[in-house]
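Shown next, in structure tokens, is the structure this report addresses.
The values are calculated or read from the model by the stated rules, or taken from the named source; none is laboratory data. Only a predicted model underlies this, so the values are computations on that prediction, with no experimental measurement involved. No Cβ is skipped: glycine too gets one built from the backbone with ideal geometry, and neighbour counts run over all protein chains shown. When the accessible area is computed, the model is the full protein with side chains, heavy atoms only, and any ligands, DNA or RNA have been set aside. Shrake-Rupley method; radii C 1.70, N 1.55, O 1.52, S 1.80 Å.
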Amino acid sequence: MTISQAAPPAVVPSSLVPGPAPAVGTRNGRRRMSSPVRLVVQTCVTLAALVALCAATVIGALAVRSDAEHLRDASAHRAAAAAELRFSLADLDAQRANQLVPGYDRRDKEVLVGNRLVALITARERRAEVSDLLRQLGGDDAYGDQVRDLLDALGRYDDASGRAAYLDEKEPDRPAGYPPVAAKDFSAEAGEIMHSQLLPKAATLARAYDEQATDAARAAEDTALRSALTVGALGLLTVLVLLWWQRDLARRHRRLLNPALVVATVAALAVTVAGVVSFTSAANDLEAGVSEGLRPWSRLAQARAVAAESAAAQSRWVVNGADPERRAELDSLIKSLDGLLAPGTYASAAERPAYADVATRYGHFRSDDRDLRREMAAGDLDDAVDVLTNVGWRKVGFDFWDFATTLERLTQAQQADFDSRTSQARSELDGWPAVPLGALGLAVALVLVGVRPRLAEYR
């Protein structure tokens with residue numbers, strides 16, 4: 001019996017021996033994410049995008065509204081108060097100087113030349129305005145030292161001008177234009193305090209607040225633009241994530257659409273578009289408020305102050321007997337005023353008639369000044385006092401009031417334009433952040449509702 005031996009096993013090259021089979025849930029040797037985990041990750045990514053978009057809209061809306069309110073209620077209010085302070089101080093000095101000009105006609109002591117009553121009443125009003133404006137500005141710690149310096153200088157001014165008025169009243173029968181020498185000296189001292197201390201300090205304070213208001217407006221505009229860009233970028237990203245997830249769910253779970261995610265996508269898209277439009281509109285309103293409101297208002301407010309300074313210089317020129325130094329100061333102020341009253345490129349077609357009206361009334365004041373100069377050159381002091389202080393046509397007392405009042409109306413119109421633009425910027429975000437917060441909160445809830453049935457399939 002032949003016993004056959006088994007053939008030895010064939011040797012197989014190691015290169016042909018297959019490795020271990022890939023584990024379930026891998027692709028090309030790399031572990032794949034299971035469907036439930038994938039859904040959880042997609043949900044978390046979508047929720048993170050919605051939360052980021054919500055945070056951007058809420059933070060942006062609160063920041064822009066806060067900046068707009070601060071600009072309107074704090075910076076611009078203080079800038080207006082500082083500009084008004086400069087005007088009130090200058091006009092106060094003009095009226096205090098005018099009080100020393102009226103008197104009796106040298107040819108007939110029964111005839112009173114000039115009007116002291118108007119100067120007294122106006123000076124009392126201006127002094128009350130100065131106190132109120134300093135009280136308003138005194139609440140700002142940033143410029144408290146400057147306000148205290150103004151108060152100290154104002155006390156010295158009141159003392160000198162009060163002494164001048166007291167000494168003048170002691171000689172009630174003096175001729176017009178010839179106050180007592182001591183009264184004139186105290187008046188000159190008061191004028192020096194006004195022009196070397198009070199007005200420069202007030203002008204510096206007005207410029208500081210004007211720059212502060214401009215910077216605040218620019219900062220608010222930049223905040224609105226940044227918010228528009230941030231909301232636009234995050235909104236676009238959120239919408240793309242939702243669309244991608246919708247497509248992935250349709251491919252993997254054989255569903256055409258997930259209604260909850262569709263509504264969430266629409267909500268995110270609506271908040272994005274509304275946010276970009278609202279923030280951009282707010283930025284445009286703030287930019288227009290600066291260029292068409294704040295800048296011309298600041299220029300006109302400066303013009304009001306310079307006009308009042310020119311009236312004060314004019315009065316002191318008469319009191320000091322046609323002093324050449326005061327005349328040079330007055331001519332310099334008038335030249336500056338000519339430039340400040342020009343409408344420039346910022347005046348719209350609708351505003352130019354108002355600028356022309358101001359220019360016409362300013363021309364009347366200039367004409368009165370020429371008459372005053374002619375009377376002073378001829379040595380006719382009685383007629384010069386009449387032109388300077390009496391209320392009537394072709395008189396400085398009336399024509400300057402008419403010019404200053406018209407200029408004030410135009411200044412207030414430009415300030416109102418700025419306030420309106422600022423309020424409009426804030427109203428662009430009416431309902432914010434409540435509206436986007438509610439819409440995106442709904443989107444978050446819909447995402448959770450939409451993914452729940454898919455996760456339930458794996459229980």
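Residues in the range 186-198 that are within 34 Å of the chain's Cα centre (by Cα), open to solvent by 40 Å² or more (accessible area, probe 1.4 Å) and of a type in the set (G, A, S): 1 in all. Against the numbered list (1) in a helix (DSSP H, G or I); (2) open to solvent by 60 Å² or more (accessible area, probe 1.4 Å), A308 comes up short only at (2).
Restricted to the range 433-458, and to residues that are at pLDDT below 85 and open to solvent by less than 40 Å² (accessible area, probe 1.4 Å), which residue is farthest from A55 (Cα to Cα)?
Step one: filter the range 433-458 for residues at pLDDT below 85, giving 433, 450-458.
Subset that is open to solvent by less than 40 Å² (accessible area, probe 1.4 Å): 433, 450-451, 454.
Working: P433: 10, G450: 23, V451: 23, R454: 28 Å.
Among them, the one singled out is R454.
Against the condition open to solvent by 30 Å² or more (accessible area, probe 1.4 Å) and more than 22 Å from the chain's Cα centre (by Cα), how does L92 come out, does it pass?
It is false that L92 is open to solvent by 30 Å² or more (accessible area, probe 1.4 Å) and more than 22 Å from the chain's Cα centre (by Cα).
Let's see how each residue does on (1) over 21 Å from E309 (Cα atoms); (2) open to solvent by 10 Å² or more (accessible area, probe 1.4 Å):
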residue: A164; (1), (2): no, no
residue: L167; (1), (2): yes, yes
residue: E171; (1), (2): yes, yes
residue: A176; (1), (2): yes, no
residue: V181; (1), (2): yes, yes
residue: K184; (1), (2): no, yes
residue: P200; (1), (2): no, yes
residue: A206; (1), (2): no, yes
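When the residues of the range 90-121 are filtered to those that are in contact (Cβ under 8 Å) with a residue 12 or more places away in the chain and acidic (D, E), the one that is farthest from A307 (Cα to Cα) is D105. Which residues, counting only those in the range 297-334, are of a type in the set (D, E, K, R) and at pLDDT 85 or above? Result: R299, R304, E309, R327, E329, D331.
Could we say that R247 is open to solvent by 50 Å² or more (accessible area, probe 1.4 Å), of a type outside the set (F, W, Y), under 30 Å from Q414 (Cβ atoms) and part of a helix (DSSP H, G or I) here? When the stated conditions are applied, R247 does not pass them. The lone criterion from (1) closer than 27 Å to L381 by Cβ; (2) open to solvent by less than 60 Å² (accessible area, probe 1.4 Å); (3) β-branched (V, I, T) left unmet by V130 is number (1). All of D222, D215 fail the test of being open to solvent by 30 Å² or more (accessible area, probe 1.4 Å), in contact with a Ser or Thr (Cβ under 9 Å, 6 or more places away or on another chain) and over 19 Å from V45 (Cα atoms), apart from D215. Counting only helices (runs of 4 or more DSSP H) that sit wholly inside the range 314-426, those with at least 1 residues that are open to solvent by 60 Å² or more (accessible area, probe 1.4 Å), without any contact (Cβ under 8 Å) to a residue 12 or more places away in the chain and among the small types (G, A, S) are 324-340. Take the residues in the range 133-145 that are touching a Leu at 6+ places or on another chain (Cβ under 8 Å) and touching a residue at least 60 places away in the same chain (Cβ under 8 Å); name whichever of them is most open to solvent (accessible area, probe 1.4 Å). So the residue we want is Y143.
Taking the criterion of being in contact (Cβ under 8 Å) with a residue 40 or more places away in the chain and of a type in the set (S, T, N, Q), the only residue of the range 65-80 that qualifies is S75. Taking the conditions exactly as written (in contact with a strand residue (DSSP E or B) (Cβ under 8 Å, 6 or more places away or on another chain) and not hydrophobic (A, V, I, L, M, F, W, C)), does D417 satisfy them or not? Here the answer is no, as D417 does not meet what is asked. Checked against the criterion of being more than 36 Å from the chain's Cα centre (by Cα) and buried (at least 22 other Cβ atoms within 10 Å of the Cβ), the candidates G103, G60 yield just one match: G103.
Given the criteria at pLDDT below 90, part of a helix (DSSP H, G or I), among the hydrophobic types (A, V, I, L, M, F, W, C) and more than 30 Å from T46 (Cβ to Cβ), does L294 qualify?
Judged against the criteria, L294 is a match.
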